[in-house]
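This report refers to the structure that appears directly beneath it.
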Amino acid sequence: MHSFGYRANALLTFAITILAVMCAIASFSDNFNSPSPTSQVQVLNINWFRNKPDGDDEVSMTMNISADLQSLFTWNTKQVFVFLAAEYKTRKNSLNQVSLWDGIIPAKEHAKFYIHTTNKYRFVDQGSNLRERDFNMTLHWHVMPKTGKMFADKIVMTGFRLPQAYR
Amino acid sequence: MDWEGQKVAEQLMQIMLVVFAIGGFITGYFMGSFQLMLFIYAGGVVLTTLITIPNWPFFNRHPLQWLDPSEIEKHPKPQVTSSISKKQPSKKK
């Protein structure tokens, strides 16, 4: 404390260290949040279903996606990234995940949504394994914090099946 | 500042920052606003800077007792009488 500069340096360093501790505690406080999200997906229509010239199957579908992710938001949440993946098993791969749609939810008010859409990204298989294929629609989300640890989780919705023949 | 003042200034700085940090965190947490916590803390840092860094008079309540100039004249500084040979500085071109 011998001079102005000494005190200024000590104060600044201590202030920033305390800020780091505050952010760590804020991130830790996210663990006390017990979220209860819900979601539902309906496949309304298979628009087309074909085998591409390069050998891979492709399908296009129209869906209703509805979810209530409001309980995921805490005071330390910047945004929630959510995406819908079709998951299925084939002879060659034990798990195939194809992302069909995604979105960013910037605030709690927008976290309860209902959308009617075709798949944003193409549903293409590695090969031609999609005929009569059972698949799950899994809604994944990443809760991105303002500071600290990111939490990710999902809801699996089963019971979907692709048609027997190409359309 | 005097020694006592330096100690007080350092303690005051530490206590004030911690108090504003805890207060800001609790307020922000229960109001659900991260931004509020940062604003309260930033305000606290500025206030602490204004109080502890400048050389305020209340930090100088126990001033150091410097020797009075009239005392110095009563005790003159002893003369150094040893003969020290001066080294020739080496010339550099």
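The values are calculated or read from the model by the stated rules, or taken from the named source; none is laboratory data. Note that the structure is predicted; figures quoted are calculated from it, not measured. For neighbour counting, all protein chains shown are included, and Cβ atoms are generated from backbone atoms with ideal geometry for every residue, glycine included. Surface accessibility is based on the protein's heavy atoms, side chains included, excluding ligands, DNA and RNA. Shrake-Rupley method; radii C 1.70, N 1.55, O 1.52, S 1.80 Å.
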Hits in segment B:42-57 - residues which are more than 7 Å from chain A (Cβ to nearest Cβ) and of a type outside the set (S, T, N, Q): B:ALA42, B:GLY43, B:GLY44, B:VAL46, B:LEU47, B:LEU50, B:ILE51, B:PRO54, B:TRP56, B:PRO57
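What tally of residues in segment A:62-90 results from selecting those that are farther than 17 Å from A:PHE135 by Cα and either part of a loop (DSSP other than H, G, I, E, B) or of a type in the set (Ser, Thr, Tyr) (or both)?
8
If you take the residues of segment A:53-81 that are of a type in the set (Asp, Glu) and without any contact (Cβ under 8 Å) to a residue 60 or more places away in the chain, which of them is surrounded by the most Cβ atoms within 10 Å (Cβ to Cβ)?
Across segment A:53-81, the extreme among qualifying residues is A:ASP68.
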A:THR138 being surrounded by 15 or more Cβ atoms within 10 Å (Cβ to Cβ) and either farther than 16 Å from A:THR38 by Cα or among the acidic types (Asp, Glu) (or both): no
Residue, farthest from A:SER3 (Cα to Cα), within segment B:39-76, restricted to residues that are in a helix (DSSP H, G or I) and modelled with pLDDT under 80: B:LYS74
Number of the exception - A:SER39 against (1) within 30 Å of B:GLN35 (Cα to Cα); (2) in contact (Cβ under 8 Å) with a residue 24 or more places away in the chain: (1)
Filtered residue count, segment B:23-69, keeping only those that are farther than 23 Å from B:LYS7 by Cα and open to solvent by 60 Å² or more (accessible area, probe 1.4 Å): 10
Selection from segment A:1-43 of residues that are under 30 Å from A:ALA86 (Cβ atoms), more than 12 Å from chain B (Cβ to nearest Cβ) and not in a strand (DSSP E or B): A:SER34, A:PRO35, A:SER36, A:PRO37
Qualifying residue in segment B:73-81 (condition: of a type in the set (Val, Ile, Thr) and either in contact (Cβ under 8 Å) with a residue 24 or more places away in the chain or within 11 Å of chain A (Cβ to nearest Cβ) (or both)): no
Residue list for segment A:118-147, filter: acidic (Asp, Glu) and not in a loop (DSSP other than H, G, I, E, B): A:ASP134
Condition check for B:PHE25: more than 9 Å from every other protein chain (Cβ to nearest Cβ) and either in a loop (DSSP other than H, G, I, E, B) or aromatic (Phe, Trp, Tyr) (or both): no
Restricting segment A:91-117 to residues that are hydrophobic (A, V, I, L, M, F, W, C) and not in a strand (DSSP E or B), the residue that is farthest from the chain's Cα centre (by Cα): A:LEU95
